[in-house]
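Throughout, read-outs are computed from the coordinates displayed, never taken from laboratory work. Since the model is a prediction, treat every value here as computed from it, not as a measurement. Note that we place each Cβ from the backbone using ideal geometry, even for glycine, and neighbour counts take in every protein chain shown.
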Amino acid sequence: MRRIGCAVGSGHVVNLNTENAMKTKERIIIVGSSADTFELKDGRQEAMGYYLNELVIPAQAAIDAGYEIVLATPKGEQPLVDQHSLVADHFGGSEEALQKALDFVATNSGMRNPRSIRSVIDEGLENYVGVFVPGGHPPMVDLMQDPDLGEVLRHFHAKSKPTALLCHGPIAVTAAMPKAVAFRQALVEGDVEGAKAAAEGWQYTGYRMTVFSNDEEKYAEENVMGGGKVPFYVVTALEIAGGKVETKGLFVSNAVQDRELITGQNPPSDHAVADLFVKALDRHVAEKTAV
């Protein structure tokens, strides 16, 4: 434990409590998935994970802006990375940038010490100023129906705290629904009316947002999943829930902000989401400090 004061130089005393207070970093939650496989419509299990650039670019931007990251997953273990994302193409064609991203995941203390979402809640959500959810297909499996994430999202919505999600990540906002599990089940069964009924009372109804487009998903089905079909399309799901979904062309960067909610459409939207997220965090912290 550091002493309150110590002598430095020629008789000067530094109050380390004051010094530490000045250096205290606001924290954000990065929410990862505990899922590593994805059941397609034909019953085949597809291996999956988060996209490296979708996690690292916004996380590093937040750290560079002076924030501390805390990684949380439903089960409290390390989320798996999607092997398809480990290419320089997602980092402007730079092998060096790809390696730096891999090093970040391997060495950053926040990334190496994941916690359960429940433990973060129990600690106190008032200790966090923002939340971020990267993409890859895993949010379609567990996060969109995870009750603990739902509690986090409801808190951040009620307090107008920056809430950012990227690519498939935005589907996770359905976890805030009172009947999130029933909503997902209805989507899988193709029961549109059942899904609409389960979505009643959703906090983000009427919000502008974006997510991995149906055309992009069809491209992934053909080129990544060997022709397999996903159980539902995330654009359609968010529209059924009451979101106002805005998408652009195939793998064109697109980030949308509506109130506290920031969403990005696809992997190339990583920097745009990171920029909006950091600016929103800075505004929120400035407003909090001014109160």
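Kindly evaluate Ala172 against the criterion of being within 25 Å of Asp275 (Cβ to Cβ) and outside any loop (DSSP other than H, G, I, E, B).
yes
Looking at the structure I just gave you, is Gly228 in a loop (DSSP other than H, G, I, E, B), farther than 28 Å from Gly93 by Cα and not hydroxyl-bearing (Ser, Thr, Tyr)?
It is true that Gly228 is in a loop (DSSP other than H, G, I, E, B), farther than 28 Å from Gly93 by Cα and not hydroxyl-bearing (Ser, Thr, Tyr).
In the set Leu250, Leu276, which member is in contact (Cβ under 8 Å) with a residue 12 or more places away in the chain, aliphatic (A, V, I, L, M), over 30 Å from Ala198 (Cα atoms) and surrounded by fewer than 16 Cβ atoms within 10 Å (Cβ to Cβ)?
Result: Leu250 is the single residue among Leu250, Leu276 that is in contact (Cβ under 8 Å) with a residue 12 or more places away in the chain, aliphatic (A, V, I, L, M), over 30 Å from Ala198 (Cα atoms) and surrounded by fewer than 16 Cβ atoms within 10 Å (Cβ to Cβ).
Per-residue answers, yes or no, for (1) closer than 24 Å to Ala274 by Cβ; (2) in contact (Cβ under 8 Å) with a residue 40 or more places away in the chain:
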{"residue": "Ala101", "(1), (2)": "yes, yes"}
{"residue": "Ser116", "(1), (2)": "no, yes"}
{"residue": "Phe132", "(1), (2)": "yes, yes"}
{"residue": "Gln145", "(1), (2)": "no, no"}
{"residue": "Phe156", "(1), (2)": "yes, yes"}
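In the stretch 236-291, how many are outside any helix (DSSP H, G or I) and in contact with a Gly (Cβ under 6 Å, 6 or more places away or on another chain)?
1
Based on this model, can you work out whether Ala180 counts as without any contact (Cβ under 8 Å) to a residue 40 or more places away in the chain and closer than 27 Å to Lys41 by Cα?
Judged against the criteria, Ala180 is a match.
Considering only residues that are without any contact (Cβ under 8 Å) to a residue 60 or more places away in the chain and not in a helix (DSSP H, G or I), which ones fall in the stretch 38-57?
Hits for the stretch 38-57 are Gly43, Gln45, Ala47.
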